[in-house]
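Presented below is the structure to which this report refers.
The values are calculated or read from the model by the stated rules, or taken from the named source; none is laboratory data. Remember, predicted model here, so these are calculated numbers, not experimental data. So basically every Cβ, Gly included, is an ideal-geometry build from the backbone, and we count neighbours across all protein chains shown.
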Amino acid sequence: MTLPFSHTLKRQWQRLQPGTSCALCARWLPAGLPLCEGCDSELPWLGPHCRCCALPLPVDGLLCGGCLARPPAFDQVLTPWRYAFPVDTLINRFKHRDQGSLGRLAGALLARHLQHLFDEGQPRPELLLPVPLSPLRLRQRGFNQAALLAGWLGKTLHLPVEVELLQRVQEHHSQQGLSASERRRNLKQAFALVKDAALEGRHLALVDDVLTTGATADSLARLLKRAGARRVDVYCLARTPPPGD
């Protein structure tokens, strides 16, 4: 089938212009844009959420029941999306199929979200700390997705990153499918700080891909605050919705 002249001319013009294609729908984009306007607007943006753990809620600015009953050690979770399609697919392809281009896209969008919050007065951390993987999981996967995200965020936001400060010192069963209490038990004594970590009075931010129950972030934040950290935030790509939502 012969393409209309106008369509052919448009294709030729696009090939001559510096640009790229939308990572989700493959539509041509000018250089510097990761997603087209349509895909960007249809992402599962978080909306109203708990002001501490970012759990999606019907009304914005409240504390969820979990944070009221058992306040977490971290101060605030900052994330742009709910864990839903197509963000869930993007994250899983990044984690389990080693598609670094999707990880860089997600990191760029998270950095854009965080920079907007910083511009509106959100306090900037002094240091980014990726959630560590166990040595066994790191060997199996070949990379730590949280460390990659932290690196991309640090470069874009001009924040230092310390990959080795937090360490997972115990192998453990997967957290997937466990309840919040089971996750907490699973994480007891799972993490350690390197010796002589100078954290007194510092504002830190943990970086991970998805926050589910918050048990991992809570365990790490408690460890950091025992070492003297003043504030610990959590930066992640997505927050899971409440069960049954």
List every residue pair whose Cβ atoms sit under 6 Å apart, with the two residues 6 or more apart in sequence or on different chains, where the first one lies in the stretch 85-97 and is over 13 Å from Leu24 (Cα atoms) and the second, anywhere, is of a type in the set (A, V, I, L, M, F, W, C) and buried (at least 16 other Cβ atoms within 10 Å of the Cβ). Phe94/Leu102
Return yes when Gln175 is within 20 Å of Val77 (Cα to Cα), surrounded by 13 or more Cβ atoms within 10 Å (Cβ to Cβ) and modelled with pLDDT under 95 and no when it is not. yes
Give the stretch 85-112 a look and list any residue that's over 12 Å from Leu149 (Cβ atoms) and either crowded, with 17+ Cβ neighbours inside 10 Å or assigned by TED's automatic domain parsing to the domain that holds Leu35 (or both), or say none. Val87, Asp88, Leu90
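To keep it simple, each residue is scored yes or no on (1) modelled with pLDDT of 95 or more; (2) surrounded by fewer than 18 Cβ atoms within 10 Å (Cβ to Cβ); (3) under 17 Å from the mean Cα position of the chain (by Cα); (4) under 23 Å from Pro135 (Cα atoms).
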| residue | (1), (2), (3), (4) |
| --- | --- |
| Gly201 | yes, yes, no, no |
| Leu206 | yes, no, yes, yes |
| Ala215 | no, no, yes, yes |
| Asp218 | yes, no, yes, yes |
| Leu224 | yes, no, no, yes |
| Arg231 | yes, no, no, no |
| Val234 | yes, no, yes, yes |
Please enumerate the residues belonging to the stretch 75-125 that are among the small types (Gly, Ala, Ser) and under 12 Å from the mean Cα position of the chain (by Cα). Gly103, Ala106, Gly107, Ala108, Ala111
Taking the residues in the stretch 185-198 that are at pLDDT below 70 and crowded, with 17+ Cβ neighbours inside 10 Å as candidates, determine which candidate is farthest from Ala217 (Cα to Cα). Asn186
Residues of the stretch 35-48 satisfying the condition of being modelled with pLDDT of 90 or more, out of contact with any Gly (no Cβ under 9 Å at 6 or more places or on another chain) and either buried (at least 17 other Cβ atoms within 10 Å of the Cβ) or over 13 Å from Pro86 (Cα atoms) (or both): Pro44, Leu46, Gly47
Can you name the number of the only condition in (1) touching a helix residue (DSSP H, G or I) at 6+ places or on another chain (Cβ under 7 Å); (2) more than 24 Å from Ala190 (Cβ to Cβ) that Leu105 fails? (1)
Test Cys22 against the stated conditions and say whether it is modelled with pLDDT under 95, touching a Leu at 6+ places or on another chain (Cβ under 9 Å) and not small (Gly, Ala, Ser). yes
Of (1) modelled with pLDDT under 85; (2) in a loop (DSSP other than H, G, I, E, B); (3) not aliphatic (A, V, I, L, M), Glu182 fails just (2)
